[in-house]
1. Leaving out same-chain residues fewer than 8 places away, which lysines sit with a Cα under 18 Å from that of K135?
2. Neighbour counts of other C-beta atoms within 10 Å: give me W86, W100, W233 arranged from fewest to most.
3. DSSP loop trypsin sites (Lys or Arg not before Pro) in segment 1-92 with at most 16 other Cβ atoms within 10 Å of their Cβ, which ones?
4. GluC sites (Glu not before Pro) within segment 3-101: which are DSSP loop residues with at most 10 other Cβ atoms inside 10 Å?
5. In square nanometres and to one decimal, what's the mean projected area of the convex hull around the Cα atoms of segment 26-116?
6. Taking a cut-off of 26 Å, what percent of all Cα-Cα pairs in segment 122-233 are separated by more than that?
7. Assuming R0 = 25 Å, what is the FRET efficiency of K138 and N68, from their Cβ-Cβ distance, to the nearest 0.05?
8. With θ set to phi - 60°, apply the Karplus curve 6.51 cos²θ - 1.76 cosθ + 1.60 along segment 133-142 and write out the HN-Hα couplings as whole Hz, x wherever there is a Gly or Pro.
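Read-outs: derived from the displayed coordinates by stated rules, not from any lab. None of these values were measured; they are calculated from a predicted model. Every residue, glycine among them, receives a Cβ derived from its backbone with ideal geometry; neighbour counts consider all protein chains shown.
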Amino acid sequence: MSLRIATQGVAMVHNLMMGTFTFVGGGTGRRYTPYHIRHRTEVAGFMHFLHGDDRFYNNIFVQGIDTNPDPRKGEPGAHERICGTWQFDEYPTYDEWISWFDLDVARPDMRKLEQYHESHLPVWSKGNVYLGGAKPWKHENDCLVLDDMPTVELTEQDGAPVLKTNVYELIAAYRAGMVNSDILGRAFEPEQRFESPDGSEIVFDRDYLGNTRGVGVLPGPFASAEAAEKPLW
């Protein structure tokens, strides 16, 4: 497992992930959680916890484990072992979600809208790569999906950790777009955009090692295949 998403309003950008998400939609219902004043720690209020409002841009998802569980070991079911954003299939796109509400009506029918106030928030997903059986969100149409099983190993070279992988050979010429604060937008609650602590724009133009990303952006944590061969730290 890679990440427990028992929350909403997440932005995941330029990651390499080989495990599944857990707790997607877990705890949805009449559950309230605090949110903070922007860039501060004081609680601004409480909101109904809906899940969604998540953004997945330029990540690489690799099916890193066998999807056939061993029941003797109490392993999770096969559907829980598939890597990728597919677990958000039941979540709407923004256009679908916003169409539910009577924004241009002077007096909306609140009884009709009640079901939508209990529904998941929208999801955005673009520029991701899915390898070896990893599955995309069903609404994602700008992505690369390959059945090829890549090699991804953490090795040691001259006492430093190095990633040994052919992921970038498989990705080949596929490229994504540059991601910044304007693309990520604002979290539903507390209506704050994804930005630096001082309020300035975030531009994901540097990779994990500090290399500059070019116009054709390579998904994942590295700006180039050559950079992926460097010591991680």
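1. K126
2. W233, W100, W86
3. R30, R31, R38, R40
4. Details: sites: E42, E80, E90, E96; in loops: E42, E90.
Here the GluC sites (Glu not before Pro) that fit, given the DSSP loop and packing criteria, are E42.
5. Over every viewing direction, the Cα hull of segment 26-116 projects on average to 10.2 nm².
6. When all Cα pairs of segment 122-233 are counted, 30 percent exceed 26 Å.
7. 0.60
8. Result, ordered by residue: x, 5, 10, x, 4, 5, 8, 7, 10, 10 Hz.
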